[in-house]
Amino acid sequence: MNLAELQAILARGEDTRHQFKADVTNADSVSAELAAFANGGGGQLFIGVNDDGSISGLDADAVRRINQLVANAATHNVRPPINPVTDNVQTGQGLVIVVTVADGLN
């Protein structure tokens, strides 16, 4: 995903397939979001984005921490485990992590 694609999605706001989080720190809440996407047709979680669609951005340390948290949540907290795909998009405010979950089992 490039910056223009990211901005187009953010401009449309949150819906059942696109959710925004400024930051994530709780594996249980992340796993619930991932499972909901997997069970509901797939979707994308945008981390580094405020609820209003504005970009808060993340630094490199936060990206490493969050990628590990997402991987652990998808593997250890979701049954059966899922395999989300993450993409880091560089913006003027910092990185945005885009977590894509396919419909059903990956």
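The values are calculated or read from the model by the stated rules, or taken from the named source; none is laboratory data. Every value quoted in this text rests on a predicted model; they were computed, and no experiment measured them. The area values use the complete protein model at the heavy-atom level, side chains included, leaving out ligands, DNA and RNA. Shrake-Rupley method; radii C 1.70, N 1.55, O 1.52, S 1.80 Å.
Structure notes:
- Carbon + sulfur, % of accessible area of the chain - ligands and nucleic acids excluded, 1.4 Å: 49
- Quarter the surface of the alpha carbon convex hull of region 58-104 and you get the mean projected area, 3.3 square nanometres.
- With all pairs of different C-alpha atoms in the average, the Kirkwood value for the hydrodynamic radius of the chain is 13.5 Å.
- Taking the C-alpha atoms only, the angle from helix 60-72 to the longest principal axis of the chain is near 20 degrees.
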